[in-house]
1. Give all pairs with beta carbons closer than 8 Å in which a residue from the stretch 79-94 that is closer than 17 Å to T132 by Cα meets a residue that is at pLDDT below 95 and surrounded by 14 or more Cβ atoms within 10 Å (Cβ to Cβ); count only pairs at least 6 apart in sequence or on separate chains.
2. Inspect all residues belonging to the stretch 114-137 and state whether any of them is in a loop (DSSP other than H, G, I, E, B), small (G, A, S), in contact with a strand residue (DSSP E or B) (Cβ under 9 Å, 6 or more places away or on another chain) and surrounded by fewer than 18 Cβ atoms within 10 Å (Cβ to Cβ).
3. Given (1) of a type in the set (K, R); (2) closer than 13 Å to V254 by Cβ; (3) surrounded by 17 or more Cβ atoms within 10 Å (Cβ to Cβ), identify the lone condition not met by R181.
4. In the stretch 138-178, how many are under 20 Å from R97 (Cβ atoms) and surrounded by 20 or more Cβ atoms within 10 Å (Cβ to Cβ)?
Amino acid sequence: MTPLSIGSYPKAHGLLDGKVTLVTAAAGAGIGYATARRCAEEGATIVISDRHERRLAAAADALTELTGVKPLAIPCDVTSEAQVLALFDAVVEAHGRLDVVVNNAGLGGTAPLAEMSDEQWHAVIDVTLNGTMRCTRAALRQMIGQGSGVIVNNASVIGWRAQREQSHYAAAKAGVMALTRCVALEAAEHGVRVNAVAPSLAVHPFLAKVTSEELLAELAAKEAFGRSAEPWEVANVIVFLASDYSSYMTGEVVSVSSQHP
């Protein structure tokens, strides 16, 4: 089918006015940067983090040019508990509170399980699942004390759907979904909401570098619109979940997809 055209980039409506918002893995051109940009456009006070310091600085410069406000940009490897704690301490020290955390850090890979090494398995799990856990835990410790806050985790439809050579990534993303649901119950009594998005396919330059054109075309063809999502289309849903428009939602995993089994 002929891919359907992309919709209009949304106008800002101040959905996150004054909200101190941290986005992890926000460097580059993927969902993380698109989310940081959309949150900034919606009035949030942005903090971005990434383990790639050069790309992080470039992302901070791009956001400064866009909004006129230079965001706090803090290098952090989410596999390190010490670096995660330092990140959250720095946000609170700079801004006095933390209203929204978007856990976007993740690591993929392609390998049949029979040929996969322990190192490959653990690397994906440690960034994608354990990293989300570490950042969620740090966020909760701050937000519970405040009596408010929102956490949005980036999962994936692959946590529900089977795909060859993706057992480590699928297991990690299914874990993110389960983590989201369980933590939401623990956090609700403290006024903290925890939800997740589950994108199907959002193509950006870094994904294109590590995925074959044939596979991307095959996956896009399965979508009802005949195309992948733009990263900002996923970011729009993250903004909704971070905003007061989703005030009754917690423990939910929202699919950002046009593909149906």
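1. As it stands, the answer is none, since no pair meets every condition given.
2. Taking every residue of the stretch 114-137 in turn, none turns out to be in a loop (DSSP other than H, G, I, E, B), small (G, A, S), in contact with a strand residue (DSSP E or B) (Cβ under 9 Å, 6 or more places away or on another chain) and surrounded by fewer than 18 Cβ atoms within 10 Å (Cβ to Cβ).
3. That leaves (3) as the condition not met.
4. Residues meeting the conditions: 7.
The values are calculated or read from the model by the stated rules, or taken from the named source; none is laboratory data. Note that this is a predicted model, so its numbers are computed, not measured. Don't worry about glycine lacking a Cβ; one is built from the backbone with ideal geometry, like all the others, and counts go over all protein chains shown.
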